[in-house]
1. Could you calculate the FRET efficiency of Met213 with Arg73 from 1/(1 + (r/R0)^6), where r is the beta carbon distance between them and R0 is 35 Å, rounded to 0.05?
2. For segment 68-167, count the residues as N, evaluate 2.2 N^0.38 Å, and divide the Cα radius of gyration by that value, please.
3. What accessible area per residue, rounded to a whole number of Å², is obtained for the chain using a probe radius of 1.4 Å?
4. Where the convex hull is taken over the Cα atoms of the chain, what is its projected area averaged over directions, in nm²?
5. Give me the net charge for the shell around Ile15: Cβ to Cβ below 15 angstrom, other residues only, Lys and Arg +1, Asp and Glu -1.
6. Computing the accessible area with a 1.4 Å probe over protein heavy atoms, can you report the carbon and sulfur percentage for segment 81-181?
7. Per residue of segment 213-220, in order, report the coupling 6.51 cos²θ - 1.76 cosθ + 1.60 (Karplus, θ = phi - 60°) as ³J(HN,Hα) in whole Hz, putting x for Gly and Pro.
8. May I ask you to derive the FRET efficiency for Leu50 and Gln145 from their Cβ-Cβ distance with R0 = 22 Å, giving the value to the nearest 0.05?
Amino acid sequence: MYILAPSLLAADFNILGQQIRETEESGAQYLHIDVMDGIFVPSISFGMPLIASIRDTSRQFFDVHLMIVNPERYIKEFVECGADGITFHLEAVGDAEKIIEEIHAAGVKVGISIKPGTPIEKVYPYLNNVETVLVMSVEPGFGGQPFIPESYGRIRKLRDYIDEHHYPVKIEVDGGVGKKNVREVIEAGADICVAGSAVFKKRSVSENIAYFMDAFKEKE
Ligand code: DX5
Ligand code: ZN
């Protein structure tokens, strides 16, 4: 089963609650929440108060993507404000094994993420211990960027490696995923598609999501 994770970064914050409910009613099981600190990435987004205030709006899986340095500082806080899963960047930490343990001990699922320039093999040592690998298909930091085509090969390589070793881990793809390429992205091996602009811009949220759901059904 494929999962759509709309990225809040592209939502209209003036009507945020309404838009979140629309994503849930349209079948998006996850909500992707991008936290940026202005250091790991150039931009700053939002943090715990926003997550806490939307928690009661939805029963979706809150998929918190930390683009911050030293993410171990805030695990407890993100769980308390409503995260169901915490994804951190391998490039942002020293001892990944320790953080994986800490996130699990806090009672939520763990994702590890890598930027487009980091060799995909870097995640191999952790595949037995995490629930998700988030493959960035744009440089992290901003929504609305074009999908980097080399990502297909990276997703495929990871898919093959995971299948060969029967690791119970999902592949999530983040950045530039939309109507034009969602079929290729799942064909390459993604289980979870993050989409910001493609969900919240142009047509209505429900029409946009219906397109993803149709593409998923064709493949299932
Ligand atoms: C980028 C974020 C992405 C982004 C996706 O740093 O991690 O989740 O919001 O947005 P789109 O789908 O517009 O590329
Ligand atoms: Zn993200």
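The values are calculated or read from the model by the stated rules, or taken from the named source; none is laboratory data. These numbers come from a predicted model, not from an experiment. In this analysis, Cβ positions are derived from the backbone assuming ideal geometry, glycine residues included, and neighbour counts consider all displayed protein chains. To get the accessible areas, we keep the full protein, side chains included, count just its heavy atoms, and leave off ligands, DNA and RNA. Shrake-Rupley method; radii C 1.70, N 1.55, O 1.52, S 1.80 Å.
1. 0.40
2. Output field value: 1.09.
3. 45 Å²
4. In nm², the orientation-averaged hull projection of the chain is 10.8.
5. Summing Lys and Arg as +1 and Asp and Glu as -1 gives -2.
6. That share works out to 51 percent.
7. Values, residue by residue: 4, 5, 4, 5, 4, 4, 8, 7 Hz.
8. 0.50
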